[in-house]
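To start, the structure itself, in structure tokens.
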Amino acid sequence: MSPSQRTFSAFLFPLRLCVLREKKQRSNSIMPLAKYPLPMSLDEARRNYGWNEFDVILVSGDAYIDHPAFGAGIIGRWLEHLGLRVGIIAQPDWKNTDDFKKLGRPKLFFGVTAGNLDSQLARLTVMRRPRREDHYTPGGVIGKRPDMATVVYCQRLREAFKQDCPPLIIGGVEASLRRLSYYDYWSDKVKRPILLDCKADMLIFGQAEQALKSIVEAMLNPVGEDGVGGLDGIPGTSIMRKDIDNIQKVVETPSWNEVSPDTDAGRERFAWMFRKYHLNCDPYFGRPVAQKHGDRYVVVYPPTATLTTQQMDEIYGLPFTRHPHPSYGSARIPCYEMIKDSITTHRGCYADCSFCAITYHQGVMVSSRSKENVLKEIEDMTTDPAFRGTISDLGGPTANMYGTHCKIGRYRCHARNCLTPTICEHLNTDHGDVLELMKDARKMPGVKHAFIQSGIRFDLALSDGGRDYIDQLTKYHVSGRLKIAPEHVSPEVLHHMKKPSADQYKEFLQKYAKASCSAGKDQYTVQYFISGHPGSKLEHMVELAEFLKNEHMAPEQVQDFYPAPLTLGMAMWHCGVNPLTNEIIYVAKTPREKRLQRAMFFFRDPDYHDDVREALREARREDLIGNGPNCLVPAERGRKGSNAYPGKAPPHLRGNQVGWGAPNKGRPDDGWGPNATKKKRYEEDHGMPTTGAGCGSGGSKKVPQMQHALPDGEGGALQWLS
Ligand code: SF4
């Protein structure tokens with residue numbers, strides 16, 4: 001701990017009274033909409049709250065929006081709920097220290113976050129092209145936060161307050177995913193934990209509420225001579241220590257010196273480090289993990305326990321204005337426009353997909369709010385004059401995980417992925433709770449529509465315990481386009497991604513089409529696919545392109561793989577091996593390989609034909625070049641069979657959206673999509689009825705035995721790199 005941290009115990013006793021104020025239990029009652037947002041200036045603090053100083057100041061890389069979907073918004077209100085006086089510094093000018101000093105020195109600590117997104121990812125696409133707008137900034141203006149904002153903000157705070165700097169506690173996605181040494185995609189290097197670069201006193205990872213509660217309590221009950229002993233060992237946090245002698249059951253990973261070299265030995269040690277952390281990143285079985293950096297250790301404690309329904313209700317029951325801070329005037333904040341009328345029903349995800357960071361941030365089990373708590377929030381939302389009657393999203397990381405849970409108790413199982421390779425028999429996949437919530441939400445007075453825009457997990461939807469989830473979803477909760485994320489169709493790539501099979505994907509599409517028929521609705525799906533994932537070769541992308549052609553699809557949402565820090569995908573990308581299974585994995589790393597893989601999504605677009613032909617030749621699939629019915633692209637001019645669509649787009653692609661269910665205006669009626677007029681429609685092609693009669697939902701899915709039984713601690717009996 002820094003010397004500055006030792007000074008803050010002097011301020012604790014007045015605060016003790018403040019924090020120990022009696023709080024009403026509000027688990028099932030939402031406070032009405034808040035009158036004022038948290039203050040962003042001292043004038044505002046005096047005027048609206050009667051505060052002359054702050055206990056905690058949050059510094060954020062995003063605009064301040066007092067809404068539970070935004071980090072500074074929800075954490076600010078949580079700290080206020082704990083009895084603290086909270087101020088917000090949003091998107092400070094980092095080129096000098098003026099903005100960092102404008103609220104004065106907080107009594108307890110500065111909380112620093114880059115915002116809801118990685119600061120570099122907010123500026124650049126995965127292909128390293130500058131983004132056109134920053135979704136978390138008024139007006140979408142680019143350049144309002146620096147790269148690695150958490151580090152830069154901490155440096156400025158140290159400069160601003162020098163020896164008198166209060167403790168710095170960092171959090172948010174950027175810090176959370178960099179709690180241990182990580183591979184940095186932008187610099188193509190292994191980087192050390194962000195705590196060291198920030199010179200911060202503590203890092204909070206994952207869901208911060210319970211860790212913050214423990215920190216505040218520890219500050220009020222100082223332990224040890226310097227008064228900071230109680231701050232060590234809090235679940236969900238990471239700190240620096242000089243030694244690890246007195247940490248019980250600590251697991252030491254390979255040191256920074258071992259994992260950082262860009263050599264085979266370095267990558268092997270990195271993979272081993274990742275494996276050790278992965279097996280211990282568990283609230284019930286995990287042990288503290290330590291990594292040596294010079295003469296210090298970075299110690300990462302296990303995550304906080306999965307939030308109970310009561311805890312979730314307490315958090316989401318806090319008062320919010322649900323609006324951006326008034327100082328932004330009428331400036332449009334793009335992400336707010338998308339999210340303002342959404343409701344978070346749960347946190348966490350037990351899918352543990354390799355490319356996704358959710359499980360390392362929110363946990364591998366789902367924490368759901370109570371139905372009453374969600375409905376009360378909707379009721380309060382309808383009192384806002386700006387609400388137009390449409391709930392834009394009723395969901396969480398995966399909408400249909402609400403209310404589902406492990407029947408034997410998560411604390412008895414070491415697994416992280418309950419859904420792959422098949423759904424665990426102990427997972428309660430009954431969709432009764434989510435169906436009830438959906439029904440009650442859409443029937444609330446003042447609600448015209450309650451849409452679900454979060455992705456859904458289709459293998460789970462197919463195993464809904466005999467409920468009619470797909471029917472209900474399709475009939476009432478799709479705003480025309482349902483988001484699903486098959487990500488790929490090749491079995492080998494899906495295995496590395498930990499995603500369900502293409503057969504389940506097709507089964508879901510058929511049931512969705514039937515249900516849409518029954519409901520008399522023209523609605524289609526938006527599919528998400530990824531190219532360049534570890535394990536994906538050109539031949540796999542050709543397989544995907546053939547699938548898209550056969551199914552008459554043209555995906556709109558595609559992305560090149562991004563190795564997000566701390567994910568399994570990152571470890572596979574950097575090491576070329578799966579640290580959990582020891583499988584050697586092909587990784588397409590060069591810009592050319594990435595470009596060719598991505599081009600396969602767009603085989604219909606003439607702009608990509610050269611790349612597609614190059615990819616097909618490299619994959620030894622020249623049979624798909626030409627004018628045959630199975631061909632993906634025409635041959636070049638001058639080559640045999642090259643006269644198809646010379647120099648311009650084929651007629652059915654000119655200026656029109658292509659995709660299953662897309663309007664067929666401007667292209668030949670090839671018999672697919674809801675607007676097809678030829679006799680042979682997509683539905684007939686797939687053996688489906690085209691009218692309501694006979695369109696039904698599927699039955700339940702047979703589930704296998706429990707399939708994961710990993711030992712705890714350092715990996716126990718599992719064999720790995722020798
Ligand atoms: S794998 Fe099965 S037993 Fe383990 S936590 Fe998931 S549902 Fe429960």
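The values are calculated or read from the model by the stated rules, or taken from the named source; none is laboratory data. Bear in mind that the values here come from a model prediction, so they are computed numbers and not experimental data. Backbone-built Cβ (ideal geometry, glycine too); neighbour counts: all protein chains shown.
Of all residues in the stretch 345-373, count the ones that are buried (at least 24 other Cβ atoms within 10 Å of the Cβ), more than 16 Å from the ligand (Cβ to nearest atom) and assigned to a loop (DSSP other than H, G, I, E, B).
Total meeting the criteria: 3.
Taking interchain pairs and intrachain pairs at least six residues apart, which have beta carbon atoms under 7 angstrom, with the first residue in the stretch 169-189 and over 30 Å from Leu108 (Cβ atoms) and the second polar (S, T, N, Q) and outside any loop (DSSP other than H, G, I, E, B)?
Trp186/Gln120
Hey, any hits in the stretch 376-396 for a residue that's of a type in the set (Val, Ile, Thr), under 30 Å from Trp573 (Cα atoms) and either surrounded by 22 or more Cβ atoms within 10 Å (Cβ to Cβ) or more than 12 Å from the ligand (Cβ to nearest atom) (or both)?
Scanning the stretch 376-396 turns up no residue that is of a type in the set (Val, Ile, Thr), under 30 Å from Trp573 (Cα atoms) and either surrounded by 22 or more Cβ atoms within 10 Å (Cβ to Cβ) or more than 12 Å from the ligand (Cβ to nearest atom) (or both).
Only helices (runs of 4 or more DSSP H) wholly contained in the stretch 385-485 count here; list those with 1 or more residues that are without any contact (Cβ under 8 Å) to a residue 40 or more places away in the chain.
Ranges flagged: 432-442, 469-476.
From the list Gly139, Gly143, Gly115, Gly111, pick out the single residue that is modelled with pLDDT under 95 and either among the β-branched types (Val, Ile, Thr) or buried (at least 17 other Cβ atoms within 10 Å of the Cβ) (or both).
Gly115
Please find, among Pro579, Pro555, Pro563, the residue that is over 28 Å from Arg267 (Cα atoms) and of a type outside the set (S, T, N, Q).
One residue alone meets the criteria, Pro555.
If I go through the stretch 43-75 residue by residue, how many of them are crowded, with 19+ Cβ neighbours inside 10 Å and either polar (S, T, N, Q) or more than 21 Å from the chain's Cα centre (by Cα) (or both)?
Taking the stretch 43-75 first, the residues crowded, with 19+ Cβ neighbours inside 10 Å are 44-45, 54-75.
When the remaining residues are screened for being either polar (S, T, N, Q) or more than 21 Å from the chain's Cα centre (by Cα) (or both), the result is 44-45, 54-60.
Matching residues across the stretch 43-75 total 9.
For the stretch 293-319, give me the residue count where each residue is surrounded by 18 or more Cβ atoms within 10 Å (Cβ to Cβ) and either without any contact (Cβ under 8 Å) to a residue 40 or more places away in the chain or of a type in the set (Val, Ile, Thr) (or both).
Looking only at that region, the number is 6.
Counting just the residues of the stretch 496-521 that are part of a helix (DSSP H, G or I) and charged (D, E, K, R), which one comes out surrounded by the fewest Cβ atoms within 10 Å (Cβ to Cβ)?
If we filter the stretch 496-521 for residues that are part of a helix (DSSP H, G or I), which is where we start, we get 496-497, 502-519.
Then keep just the ones that are charged (D, E, K, R); that gives 503, 506-507, 511, 514.
Values: Asp503: 10, Lys506: 16, Glu507: 17, Lys511: 22, Lys514: 24.
Looking at residues that are part of a helix (DSSP H, G or I) and charged (D, E, K, R), I get Asp503.
Among residues belonging to the stretch 275-295 that are hydrophobic (A, V, I, L, M, F, W, C) and modelled with pLDDT of 95 or more, point out the one that is nearest to the chain's Cα centre (by Cα).
Here the residue is Val289.
Give just the number: which of (1) in contact with a Lys or Arg (Cβ under 7 Å, 6 or more places away or on another chain); (2) more than 23 Å from Thr390 (Cβ to Cβ); (3) among the aromatic types (Phe, Trp, Tyr) does Tyr505 not satisfy?
Checking Tyr505 against (1) in contact with a Lys or Arg (Cβ under 7 Å, 6 or more places away or on another chain); (2) more than 23 Å from Thr390 (Cβ to Cβ); (3) among the aromatic types (Phe, Trp, Tyr), the one that fails is (1).
Can you tell me which residue in the stretch 290-342 is farthest from Leu203 (Cα to Cα), limited to those that are in a strand (DSSP E or B) and touching a Ser or Thr at 6+ places or on another chain (Cβ under 6 Å)?
In the first step, residues of the stretch 290-342 are kept if they are in a strand (DSSP E or B); the result is 290-293, 296-300, 323-324, 342.
Filter again for touching a Ser or Thr at 6+ places or on another chain (Cβ under 6 Å), leaving 291-292, 300, 342.
Numbers: Gln291: 15, Lys292: 17, Val300: 9, Ser342: 29 Å.
Only one residue fits best here, namely Ser342.
Could you run through the stretch 369-392 and say how many residues are small (Gly, Ala, Ser) and either at positive phi or touching a helix residue (DSSP H, G or I) at 6+ places or on another chain (Cβ under 6 Å) (or both)?
Filtering the stretch 369-392 for residues small (Gly, Ala, Ser) gives 370, 386, 389, 392.
Retained after the next criterion (residues that are either at positive phi or touching a helix residue (DSSP H, G or I) at 6+ places or on another chain (Cβ under 6 Å) (or both)): 370, 389.
Of the residues in the stretch 369-392, 2 are small (Gly, Ala, Ser) and either at positive phi or touching a helix residue (DSSP H, G or I) at 6+ places or on another chain (Cβ under 6 Å) (or both).
Go through the stretch 522-612 and tell me which helices (runs of 4 or more DSSP H), entirely inside it, have 1 or more residues that are farther than 23 Å from Asp188 by Cα and without any contact (Cβ under 8 Å) to a residue 24 or more places away in the chain.
Answer list for the stretch 522-612: 538-550, 591-599.
Can you tell me which residue in the stretch 406-465 is modelled with the lowest pLDDT, limited to those that are within 14 Å of the ligand (Cβ to nearest atom) and basic (Lys, Arg)?
Step by step, filter the stretch 406-465, then rank; the result is Arg416.
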